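No lab work stands behind these numbers, since they all come straight from the coordinates. Keep in mind it's a predicted model, so treat the numbers as computed, not measured. Glycine gets a Cβ as well: all are built from the backbone with ideal geometry, and neighbour counts include every protein chain shown.
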Amino acid sequence: MGMIDQYIYDGTFEGFLSSVFEVYERKPLVVKIVSERIATENFFDEEHIIYTDQVKADRVWKGIQTKIGKKAGDWIYRAFLSEKPDRERVLLRIIKKGFLGHRVTEDYADVDVLRLSNLVKMVGREKHRMDAFVRFKLTKDNVYFAEIEPDFDTLPLNAIHFKNRYADQKWLIYDRCRHYGVYYDLHKISYVKLEISKDINTSEAAPFYFTHDEMHYQDLWKNYFKSTNIPSRKNMRLHLQHVPRRYWKYLSEKQP
Amino acid sequence: MNFERIKEKLNILADAAKYDVSCSSSGSKRANKNKGLGDSSGMGICHTYTEDGRCVSLLKILLTNHCIFDCAYCVTRKSNDIKRAAFKVQEVVDLTINFYRRNYIEGLFLSSGIFKNADYTMERLVAVAKKLREEENFNGYIHLKSIPGASDELMREAGLYADRLSVNIEIPSEKGLKLLAPDKKREDFIKPMQKVKNEIIQYKSEKKLIKSTPIYAPAGQSTQMIIGASGETDAEIMYTSAYFYKQFKMKRVYYSGYIPISYDERLPSIGTEVPMMRENRLYQTDWLLRFYGFDIRELLNKEHPNLETDIDPKLSWALRNLEHFPVDINKADRRMLARIPGIGMRSVHKIIQARRYRKLNWEHLKAIGISMNRAQYFLICDSSTFETKDRTAAQLKSLIMGTSGSKWRGAYSNQLNLFGSNAPLTTS
């Protein structure tokens with residue numbers, strides 16, 4: 001068996017596209033694209049570090065959009081955000097098939113297309129959940145602040161949704177798992193890295209960060225949530241199916 | 001803002017509004033404009049779910065629960081001894097804006113008990129919507145209740161601010177209405193529906209000519225019927241529903257299993273179980289009419305005035321019409337694919353896309369995600385192994401029910417036990 005070439009990139013989408021560029025450039029026999037976060041040393045593989053190159057990434061991206069289609073581009077990006085360990089393998093195969101003229105957003109009986117569409121569906125569902133489950137709290141600095149811990153890296157998708165919706169208020173959404181946030185300053189969104197104190201949400205510390213009215217509105221919302229329930233139709237299984245426990249942490253209506 | 005007083009009102013007026021099941025926030029085309037607040041151009045969002053599993057998308061409240069009417073089925077009826085409250089217009093506006101800014105809701109669903117008269121009430125509902133749109137530059141979703149008997153002029157204004165308007169017909173038949181709400185007339189419900197339908201048509205046609213024509217109730221109108229309060233058959237309910245879809249171009253008809261709230265002897269007594277299974281079957285039927293191309297007469301008719309409770313209406317239809325099966329997955333048109341039990345519209349779409357590239361076999365169909373335990377008896381595909389036995393409808397039903405884990409199973413067997421019967425689920 002021949003050597004497998006392992007292309008190690010920085011884990012960004014641009015880095016992945018740069019790796020795809022190198023695959024077409026260097027034409028390795030067997031290649032594995034691996035994010036540096038999960039790359040492990042392997043005696044049988046030959047490692048190559050791929051540097052993220054915006055120009056190369058743009059060329060691949062443009063190629064995908066014009067040759068395979070806008071929808072396929074969107075799918076590839078969304079599937080990438082899933083962070084699943086097989087994403088690079090599936091996406092490279094999809095891109096290769098796409099450049100050969102295969103319709104990668106339609107042929108559901110093809111294993112790679114099916115996997116792609118499943119990843120897209122998973123990411124889309126999580127994105128939609130975050131659009132729904134973000135709970136802003138008004139800080140004393142007049143910024144609406146929310147924290148999330150999504151299963152996948154959906155924040156870049158959510159940012160667009162919230163920018164269209166809350167055009168007249170400053171907001172910051174922070175991903176606690178991936179340690180970055182998106183801040184909207186009434187004009188544009190920007191990606192931010194920041195240290196956020198762990199106690200920001202606990203009841204003793206909250207009044208220090210948030211406005212006086214904020215506590216009242218959370219209380220009103222919790223009350224509304226209770227009043228709108230119909231006890232004689234109680235169905236906790238259905239409730240948990242829609243609002244799994246792992247999301248409760250940041251839902252004001254689910255706090256004690 | 002006096003938060004304690006607001007809390008008290010909110011508890012009363014949210015509690016009174018919760019029997020209205022619509023919580024849809026989709027179908028509008030209102031985008032954010034002039035960097036204002038909100039956007040309702042996308043798909044609807046359920047921000048949370050109640051413990052009974054219903055979507056919470058809108059702040060759903062009554063403006064007041066004072067009411068001059070005495071409809072037996074309604075908690076807010078005049079003769080009911082309950083706490084009454086009323087919001088001020090500004091209070092509703094503040095609540096909506098502050099909930100919206102925190103991403104709790106997609107918008108407001110405002111209804112009301114009828115105080116003084118229809119127009120007086122409708123005027124106040126319109127005032128809330130107008131304030132939200134014009135003073136707060138709010139582009140979130142607004143659903144207003146049309147008050148039966150409100151004037152055409154007010155209904156026209158309402159549609160300019162609201163995304164959706166609805167009048168609840170509540171009782172599916174006229175005889176039921178006469179019994180349970182003797183002061184209400186069917187015409188009073190119909191009049192605002194007719195007006196809204198005509199305005200939607202008119203504004204749409206004007207918009208084609210003049211771009212600046214404002215949008216009128218872009219998410220259309222809906223209505224609701226109470227199920228199990230007045231003795232109608234499923235056929236009566238669904239024929240009424242089909243009539244409303246057709247006659248008034250309704251976006252949705254909702255079915256609400258009656259929740260006993262009164263000792264009135266004209267109604268099921270308190271403690272009677274909410275007919276949730278029946279409600280579910282009616283919704284399935286509604287879906288078959290709107291998305292699957294079924295005609296109401298195929299599903300419910302003189303011979304079959306009620307839906308079967310133990311199987312879904314599509315399977316029920318298939319078992320009564322076995323001559324149409326098996327369907328060839330690789331050749332059948334969209335309409336017939338949609339009629340195969342266990343295949344939903346999403347799968348139909350995927351099948352049609354995928355079969356352009358190869359003939360589909362069982363493995364493909366499984367991967368696409370169709371429900372095999374039902375579908376396998378009704379289709380053929382590119383494979384040599386098939387269900388070849390010629391089975392009767394009753395045999396098929398018992399086979400399918402033996403392997404399917406319906407979410408209603410518990411409820412169904414409980415009901416059987418209630419009547420002390422150990423009869424098998426199928427008739428043969």
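Assorted remarks:
- Fewest-first ranking of A:Arg87, B:Arg156, using other Cβ atoms within 10 Å as the exposure measure: B:Arg156, A:Arg87
- Segment B:1-127 - Debye-derived log10 I(q)/I(0), Cα point model, q = 0.12, 0.14 Å⁻¹: -0.50, -0.68
- Remark on segment B:3-260: ratio of C-alpha radius of gyration to 2.2 N^0.38 Å is 0.97.
- Model label points for B:Phe69 and B:Trp287, set 7 angstrom from Cα along the Cα-to-Cβ axis, are 3.1 nm apart.
- 34 Å tail of the calculated P(r), chain A, as % of Cα pairs: 32 percent
- FRET efficiency, 1/(1 + (r/R0)^6) with R0 35 Å, evaluated for B:Asp188 and B:Lys302 via beta carbons: 0.65
- Each DSSP beta bridge with both residues in segment B:3-260 is either parallel or antiparallel, and the antiparallel ones are about 15%.
- Stokes-Einstein translational diffusion, segment A:134-254 - Kirkwood Rh over all Cα pairs, 1.002 mPa s, 20 °C, in µm²/s: 135 µm²/s
- For segment B:158-208, diffusion coefficient by Stokes-Einstein and Kirkwood Rh (Cα), 37 °C, 0.692 mPa s, µm²/s: 260 µm²/s
- Relative packing of B:272-283, B:215-226, A:23-34, which averages over residues the other C-beta atoms within 10 Å, highest first: B:215-226, B:272-283, A:23-34
- Electrostatic dipole magnitude of segment B:3-260 [Cβ: Lys, Arg +1; Asp, Glu -1; Cα centre; debye, to 20]: 680 debye
- Taking B:Tyr245, A:Tyr144 and counting other C-beta atoms within 10 Å, the order from fewest to most: B:Tyr245, A:Tyr144
- Pair B:Ile380, B:Ala393: separation of 7 Å Cα→Cβ label points (nm): 2.3 nm
- Amide H contacts of B:Leu59 (H built 1.01 Å from N, in plane; Pro and chain starts excluded): B:Glu106, B:Gly107, B:Leu108, B:Phe109 sit under 5 Å, all sequence-distant by 5 or more or on other chains.
- Tilt relative to chain B, helix B:152-161 - C-alpha long axis, 0 to 90 degrees, to 10: 70 degrees
- Positive-end extreme of charge dipole, segment A:134-254 - chosen from A:Phe152, A:Ser227, A:Tyr180 (charges on Cβ): A:Ser227
- Antiparallel bridge percentage (DSSP; both residues within the protein assembly as shown; nearest 5): 30 percent
- Over every Cα atom in segment A:4-125, the radius of gyration and the widest Cα-Cα span, Dmax, amount to 13.7, 40 Å.
- Extension gain from A:Arg59 to A:Met215, taking 0.36 nm per residue of separation minus the Cα-Cα distance: 51.2 nm
- Nearest-ten-degree value, helix B:409-418 long axis tilted from longest Cα axis of chain B: 90 degrees
- Peptide B:102-111 - average C-beta neighbours from other chains (10 Å radius): 4
- Free-standing Cys residues across the protein assembly as shown, given no other cysteine C-beta under 4.7 angstrom: A:Cys177, B:Cys23, B:Cys67, B:Cys381
- Computed from point charges on the beta carbon alone (+1 for Lys and Arg, -1 for Asp and Glu), the dipole magnitude for the protein assembly as shown about its Cα centre is near 1380 Debye.
- Relative contact order, whole percent, for segment A:4-125 stands at 26, derived from Cα pairs under 8 Å and 6 or more residues apart.
- Between 0 and 90°, nearest 10: helix B:3-15 axis offset from chain B longest Cα axis: 40 degrees
- Considering the protein assembly as shown at the alpha-carbon level, its Rg and Dmax are found to be 28.1, 88 Å.
- Candidates A:Leu17, A:Leu114, A:Leu240: whichever shows maximal mean-square fluctuation once chain A is modelled as a Gaussian network with Cα springs under 10 Å: A:Leu240
- Fewest-first sequence of B:Trp317, A:Trp75 by Cβ atoms within 10 Å of each Cβ: B:Trp317, A:Trp75
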